[in-house]
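The values are calculated or read from the model by the stated rules, or taken from the named source; none is laboratory data. For clarity, every value in this text was computed on a predicted model and none was experimentally measured. Cβ placement follows ideal geometry from the backbone for every residue including glycine, while neighbour counts extend to all protein chains displayed. Please note that ligands, DNA and RNA were not included when accessible areas were found on the heavy atoms of the full protein model with its side chains. Shrake-Rupley method; radii C 1.70, N 1.55, O 1.52, S 1.80 Å.
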Amino acid sequence: MDEEDISVLDRDDRHTFRYATLSSSVSAAKLSDPLPSLLPKAEGKLRVVVISDTHNRHNEISLPPDADVLIHAGDFTNLCNVWEVMSFNKWLGEQTHIPHKFVVVGNHDRYQDLIVKPIVKNATLLLDRTVTVNGIRIHGGRFKLPTWSPLKVFGMSDRVARTDWGEVPEVDILVTHQPPGNTPFDFHRGNIALGNDIEARIKPRVHIFGHIHEGYGVYGDGQRTYICAASLIGKKKTTLRPPIVFDI
């Protein structure tokens, strides 16, 4: 990966912004909240803001004023009832300064066809779908988890839940709710088939996911960037982390 291709906005101990350019080293990036003025985007770059696992607390999140793309990597609800999804859709519609908004579903957004698809109209749902924004190809994959599996007893069901990632094309940004398995970072509950396909065929420049709340941060392995955007953290998931922003 070219070090100049992707930059991640970080904050130092004084809560001011700085750019952290990813290279082969493992990196973690966080974005201060509320947001002060940001560094200007480089000409021809997209500014992408990513969040995930907000669990009905979307109204508490501040987004950068000059973002081009908003990506939510799933679990925007707790129970996926009509009122929760309507609230999320309303919030999406209020982000009028962001021209492109994309959402994938998580395990909490379980009624994706019955409730989510009919209600979420203020963003594009990426349910095994690819879109292109200014030449950047973005693909969002569905979350698939068995209703019940004996592997749940061993905490392994996430790792083998979906094995048919073969339809995902080669893209610049891949968005899934689950993290990948078989990576140098050994993400907890990572999907093994997804990790294998990323390495062998999909080869995204950036992979955005959530699901593992303790994994919040940005990681680089010298080939691609992994962003775990899970916004809520803590034993009771009460602490709201700021969004992560990158230019590509």
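Please go through the residue pairs K45/K144; K90/K203; K45/K90; K45/K121 and name each one whose alpha carbons sit more than 30 Å apart in this structure.
Values: K45/K144 33 Å; K90/K203 34 Å; K45/K90 28 Å; K45/K121 26 Å.
Exceeds cut-off: K45/K144; K90/K203.
Would you work out the Kirkwood radius for region 60-121? I mean one over the mean of 1/r across all pairs of different Cα atoms, in Å.
On the way: mean 1/r = 0.0831 Å⁻¹.
About 12.0 Å, per the Kirkwood formula over Cα pairs.
With a point put 7 Å past each Cα toward its Cβ, work out how far M86 is from K41 in nm, to one decimal.
3.4 nm
Distance in nm between label sites at I233 and N196, each 7 Å beyond Cα in the beta-carbon direction?
Spacing of the two 7 Å Cα→Cβ label points: 3.2 nm.
Efficiency by 1/(1 + (r/R0)^6): what FRET value for L240 and N78, r their Cβ-Cβ distance, R0 = 22 Å, to the nearest 0.05? The partial results should precede the final answer.
Details: r = 15 Å, r/R0 = 0.66.
Working from the Cβ atoms, E equals 0.90.
With all protein chains present, calculate the accessible area of L70 using a 1.4 Å probe and round the result to the nearest 10 Å².
Accessible surface of L70 is approximately 0 Å².
Just by accessible area at a 1.4 angstrom probe, what is the order of K90, K45, K101, K203 from largest to smallest?
On the way: K90 125, K45 60, K101 30, K203 100 Å².
The most accessible residue leads, giving K90, K203, K45, K101.
Mark the label point 7 Å from the Cα of R189 along Cα→Cβ and return the residues of region 204-232 whose backbone N is within less than 20 Å of it.
Output list for this probe position: 207-219, 226-232.
For labels at T132 and T96 in the simple 7 Å Cα→Cβ model, what's the distance in nm?
Distance between label points: 3.1 nm.
Can you list residues whose amide H is under 5 Å from S52's amide H, if they're 5+ apart or on another chain and H is modeled 1.01 Å from N?
A73, S231
Using Cα pairs under 8 angstrom and six or more residues apart, how large is the relative contact order of region 49-147, in percent?
Numbers: 175 pairs, mean separation 25.0, N = 99.
It comes to 25 percent, rounded to a whole number.
Give me the net charge for the shell around W91: Cβ to Cβ below 14 angstrom, other residues only, Lys and Arg +1, Asp and Glu -1. Kindly include the intermediate steps, with their values, before the conclusion.
On the way: positive: R57, K90, K101, K121; negative: E60, E84, E94.
Charge balance in the 14 Å sphere: +1.
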